[in-house]
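Below is one structure, written out as structure tokens; comments come after it.
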Amino acid sequence: MTSSRRSFIRMLGAGTLTAPLAALQSRAAQGVPAFGPGFGPLQPALPLNTAEVMLPGAFDYRGQPLISLPEGFRYWAVSITGQTMSDATLVPGDHDGMACFRGHDGTTILVRNHELSNRETKFGNQRGVDVPEALKFDPWANGGTTTLVLDSDGRLLRHYASLGGTNNNCAGGPTPWGSWLSCEESTSLANAGTYRQRHGYVFEVPAMASGPTRAQPIVGMGRFNHEATATDPRTGIIYETEDTGDSLFYRYVPKVPGQLLAGGTLQALKLRESAASMDTSTGFLGRLNKPLPVEWVTIDSPDPADNVFANSTRAQGQAKGAARFRRGEGAWWGNGLVYFCCTSGGDIGAGQVWAYDPASETLTLVVESTDRAVLEAPDNITLGPDGRLYMYEDGAGGNNIVGLNSQGELFRVAENRINDSEFCGGCFSHNGRFMFVNIQSPGITLVIEGPWRKGQR
């Protein structure tokens, strides 16, 4: 995680950040600055509230830089694992996916996942996301969501548990109607000694709710290893990623947009050029920025009762020719496109980013890492107020926030300095003033303030 880990990178086939992003193929340049264009070199930085970043007997980061940032940026930590929240429960661990919503009176609302499973505990918190038993989906599962309310200056006003009894809540996505879709990355089955329910579902959490919501699985969205969602605001169609080595890229077409529990149709993307299921993880580097025509096949049984592969949504889709992706993870709607990451995709397995265009019914490979020292395992993804893509790594060689501009250049925005934990849940405030992001372990939410709108595009 040294500051010299990244090289200045100019990508091939640069264009604009509008649909779709430029063709992007990384190549290391020689004899050039250590960082690409963007906001400038990174320097270790203390959080403004460094005295608060500790949990007695568990971790103590007081007086330590948590991250490195460019000049002109500052940050602080909010809602740290083990702190007592406004509802008298403890902040759970394993902060993960997150989205930002505009609240009343200039406030900002964050709904945040906790990737906790069964009776998993973190730093002495035996209850995980602690909501009343009657509101839980499964009393054995410790995952769920918490909600944070911040004032106009990004300072925490209150935080509380908002969804409980769910399992391994990894990512999800915001909806245009003001809710967070929290996804279970688990297909655990009911068992007499542990789980009371089958898992692998999506749950909806209203951002404006002042307390916990009752956990109701949206069965029509499928039972599989869910990762993230992205919703088309024009149609209400929700796109879903799946975190497995042979995953599919799905869409849920609700009968009534915005009323997800009313049912709908689950489908998977298929490349029209092949009747058989194509593996997109390798062999596509030469097709960067070349739109590929697609169509959709229907998943007839979206809620398999067991974990037999032949009955899975993957097997159903692949049998109809649906394309396979290597670990579909973060997804984001922007510029009329759905951007999504394949963390282990690409010829060297260091990551891909795809863009699906619903207007033209095409899929385009827009990023493929050819050098792990440049980009490794892009996981979460979002669009910034400057129109640039921001990717959050979950790699083995140190984790960073990596930006991508319209000239096709990668640049680092932040570096984790305390451990090898991933950045996750990245999102921006409605006014573009703040980036919110989590360091998953030990579980710290950061508010990063900077000239986000002033960066080079």
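Computed values, structure above
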read-out	value
Wholly enclosed strands (runs of 3 or more DSSP E) of region 201-246 bearing at least 2 residues under 15 Å from the mean Cα position of the chain (by Cα) and not charged (D, E, K, R)	226-231, 238-242
Matching option when the condition is surrounded by fewer than 21 Cβ atoms within 10 Å (Cβ to Cβ), among the hydroxyl-bearing types (Ser, Thr, Tyr), within 21 Å of Pro44 (Cβ to Cβ) and without any contact (Cβ under 8 Å) to a residue 40 or more places away in the chain, among Ser421, Ser441	Ser421
Candidates Glu295, Glu329, filtered to the one that is at pLDDT 95 or above, crowded, with 24+ Cβ neighbours inside 10 Å, among the acidic types (Asp, Glu) and on the phi < 0 side of the Ramachandran plot	Glu329
Some residue of region 51-65 being modelled with pLDDT under 50, exposed (fewer than 14 other Cβ atoms within 10 Å of the Cβ) and among the hydrophobic types (A, V, I, L, M, F, W, C)	no
Test: residue in region 376-392 that is under 20 Å from Ala99 (Cβ atoms), surrounded by fewer than 24 Cβ atoms within 10 Å (Cβ to Cβ), of a type in the set (Phe, Trp, Tyr) and in contact with a strand residue (DSSP E or B) (Cβ under 9 Å, 6 or more places away or on another chain)	no
Complete set of residues in region 241-261 that are surrounded by 23 or more Cβ atoms within 10 Å (Cβ to Cβ), over 16 Å from Pro176 (Cβ atoms) and touching a helix residue (DSSP H, G or I) at 6+ places or on another chain (Cβ under 9 Å)	Glu242, Ser247, Leu248, Tyr250
Residue under evaluation Ile348, criteria (1) assigned to a loop (DSSP other than H, G, I, E, B); (2) at pLDDT below 95; (3) of a type in the set (Val, Ile, Thr), criterion not met	(2)
Elements of type strands (runs of 3 or more DSSP E) contained in region 404-457, each with 1 or more residues being over 21 Å from Val374 (Cβ atoms), touching a helix residue (DSSP H, G or I) at 6+ places or on another chain (Cβ under 8 Å) and of a type in the set (A, V, I, L, M, F, W, C)	423-428, 434-439
Answer from Asp105, Asp96 - the residue that is touching an Asp or Glu at 6+ places or on another chain (Cβ under 9 Å) and modelled with pLDDT under 95	Asp105
Hey, Ala355 under 23 Å from the mean Cα position of the chain (by Cα), free of Cβ contacts under 8 Å to residues at least 60 places away in the same chain and within 28 Å of Gly387 (Cβ to Cβ) or not	no
The lone exception for Ile401 - which of (1) out of contact with any Lys or Arg (no Cβ under 8 Å at 6 or more places or on another chain); (2) closer than 27 Å to Phe59 by Cβ; (3) free of Cβ contacts under 8 Å to residues at least 60 places away in the same chain it fails	(1)
Which numbered condition Gln30 misses (of (1) of a type outside the set (Val, Ile, Thr); (2) surrounded by fewer than 12 Cβ atoms within 10 Å (Cβ to Cβ); (3) at pLDDT 95 or above)	(3)
Scan of region 55-74 for residues that are farther than 14 Å from Gly450 by Cα and either in a loop (DSSP other than H, G, I, E, B) or hydroxyl-bearing (Ser, Thr, Tyr) (or both), ordered by number	Pro56, Gly57, Ala58, Tyr61, Arg62, Gly63, Gln64, Pro65, Leu66
Among the candidates Gly346, Gly264, residue that is buried (at least 22 other Cβ atoms within 10 Å of the Cβ) and under 20 Å from the mean Cα position of the chain (by Cα)	Gly346
Residues of region 394-403 classified as in a strand (DSSP E or B) and within 15 Å of Ile67 (Cα to Cα), total	3
Every residue from region 190-212 that is under 20 Å from Arg112 (Cβ atoms) and surrounded by fewer than 20 Cβ atoms within 10 Å (Cβ to Cβ)	Pro206, Met208, Ala209, Ser210, Gly211
Selection count where residues are part of a loop (DSSP other than H, G, I, E, B) and within 18 Å of Tyr392 (Cα to Cα), scope region 95-116	1
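Yes/no per residue for (1) in a loop (DSSP other than H, G, I, E, B); (2) of a type in the set (S, T, N, Q); (3) touching a strand residue (DSSP E or B) at 6+ places or on another chain (Cβ under 6 Å):
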| residue | (1), (2), (3) |
| --- | --- |
| Ala88 | yes, no, no |
| Gly93 | yes, no, yes |
| Gly128 | yes, no, no |
| Ala134 | no, no, no |
| Gly172 | no, no, yes |
| Cys183 | no, no, yes |
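The values are calculated or read from the model by the stated rules, or taken from the named source; none is laboratory data. What you see is a predicted model; the values in this text were computed from it and never measured. Methodologically, a virtual Cβ is constructed for each residue, glycine included, from the backbone with ideal geometry; neighbour enumeration extends over all protein chains shown.
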